[in-house]
């Protein structure tokens, strides 16, 4: 699939898209809450994106740090005295709208703190473009990322509703003038484990579902959405901790029920670089939130499960993610149960060795396969030393890291059962 896609790209010149009158204008919407360490880098990165029709909307979600002050100072922002805020989607009160004397395509919205979903809805209300791209406040877009995404819109005969790109990890990488200059692997172990996990997840998981026309999870750190479609379904909902996952499920439900043609997909070559946790405690907050959001979404749209009315999404994709959610429970409990069963004489040594070997070999196969697939196709990590180190970590992650991630998911399951809905905030240290 990847090699076929890359071969097709050779005959589709990327920068010809700029000349196409059908290239849709895009609004980059950046929701920011207490992002003083990262917000300027992220906005500068967005300003350098190579795209013909672009506006940048930053939504300050009631930050209590210097986020808004830094934006005002760096971009010579002026508060608009007379502005009309039309609520196509109902949102919380907007305290002010700022425009830049230096960059006419930059708008900053200041609002009360209510969360990312409401912030994105505010950005949609102000946006003038037919498409918007949700970008996290700690992310760096590659210059041609939007061109690579919109190629699909230009080429597709089916209305494109949502597109997701690849997330890569910026930890340890040299960033100059908001551009990726020198790709290196982080020195710390935890980010490298996450690099292996991301490679496997995007190149095996999401690309696999794209091949089956069943894309269901697109990263909220880098997703392009059709504005009218999101408005039609009521915007982002604040009652889940993963608004990016919930909106995709709702769009699938909406268009399947209307029986209208639509396309929601994953494109493997547009890249957004983002910061990942370097401490286990912060990683735990992030992964518990992700898994809690998955469970919330599956519960909200449980009527789609095993329902032929929703095609592959209801009959194949959602059941898979349900099994994956249950798998975290089985894996977390499986190891101690099997070991205790052996200690109490309920299992023989042969079965114990077979169980552990199969669990580890399967994980190693997926990780190593994903790394080789990355090396054969996109070669984001160009040095042989990178490949060698990633392969080592692809083996080592099965001896502790994978079990730790399953434990976080197991904990999120209990949060879900007890009605926990709080967003666990992940602090960003910023790129140096």
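Looking at the chain, what % of its DSSP beta bridges pair antiparallel, to the nearest 5? The partial results should precede the final answer.
On the way: 22 of 49 bridges.
Of the beta bridges lying entirely in the chain, close to 45 percent run antiparallel.
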Exercise. Can you give the relative contact order of the chain as a percent, counting alpha carbon pairs under 8 Å and 6+ residues apart?
Worked result: 18 percent
Problem set entry | Ranked list, fewest to most other Cβ atoms within 10 Å of each Cβ, for 333, 396 | 333, 396
Exercise. Over the stretch 327-417, one equal point on each Cα, no solvent: what is log10 I(q)/I(0) by the Debye formula at q = 0.10, 0.11, 0.14 Å⁻¹?
Worked result: -0.37, -0.44, -0.65
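Using only C-alpha atoms and all pairs of different ones, pull out the Kirkwood radius for the stretch 25-129 in Å with one decimal.
Numbers: mean 1/r = 0.0735 Å⁻¹.
The Cα-based Kirkwood calculation yields 13.6 Å.
For every helix of n ≥ 4 consecutive DSSP H residues, a contribution of -39,500 (n - 2.57) applies; sum these over the chain, divide by its total residues, and give [θ] at 222 nm rounded to the nearest 500 deg cm²/dmol. Walk me through the numbers before you get to the answer.
Numbers: 14 runs with 193 residues, N = 432.
Using -39500 (n - 2.57) per qualifying helix, the result is -14500 deg cm²/dmol.
Counting other beta carbons within 10 Å of each Cβ, put 223, 42 in order, fewest first. Working shown, then result.
Working: 223 21, 42 27.
Arranged by neighbour count, lowest to highest, 223, 42 become 223, 42.
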Problem set entry | Among 33-41, 228-236, 360-368, 344-352, the order from most to least packed when residues are scored by Cβ within 10 Å on average | 33-41, 228-236, 360-368, 344-352
Exercise. Can you give the relative contact order of the stretch 274-432 as a percent, counting alpha carbon pairs under 8 Å and 6+ residues apart?
Worked result: 40 percent
For this session: Order by neighbour count: 196, 160, fewest other Cβ atoms within 10 Å first, most last.
Result: 160, 196
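Kindly rank 304-313, 53-62 from highest to lowest mean number of other beta carbons found within 10 Å of each residue.
Values: 304-313: 16.3, 53-62: 23.0.
Going by the mean number of other Cβ atoms within 10 Å, highest first, we get 53-62, 304-313.
Which peptide among 280-287, 324-331 comes first, and what is the full order, when sorted by highest mean count of other Cβ atoms within 10 Å? Display every interim value, and only then the final one.
On the way: 280-287: 16.1, 324-331: 14.6.
The densest-packed peptide leads the list: 280-287, 324-331.
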Problem set entry | Label selected from (i) 1.04; (ii) 1.25; (iii) 1.00, the criterion being Cα Rg over 2.2 N^0.38 Å as computed here | (iii)
For this session: Only Cα pairs under 8 Å and at least 6 apart count here; give the relative contact order of the stretch 25-129 as a rounded whole percent.
Result: 34 percent
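Quick check on the stretch 210-263: take the gyration tensor over C-alpha atoms, sort the square-rooted eigenvalues as a ≥ b ≥ c, and tell me if it's rounded (a/c under 1.5), prolate or oblate. Don't skip to the end; give the middle numbers.
Details: a/c = 1.67, a/b = 1.15, b/c = 1.45.
Oblate shape, in that a/c is at least 1.5 and b/c is the bigger or equal ratio.
No value in this document is a laboratory result; all are computed from the given coordinates. As the structure is a computational prediction, the values presented were derived from the model and not from experiment. Cβ atoms come from the backbone with ideal geometry, glycine included; neighbour counts cover every protein chain shown.
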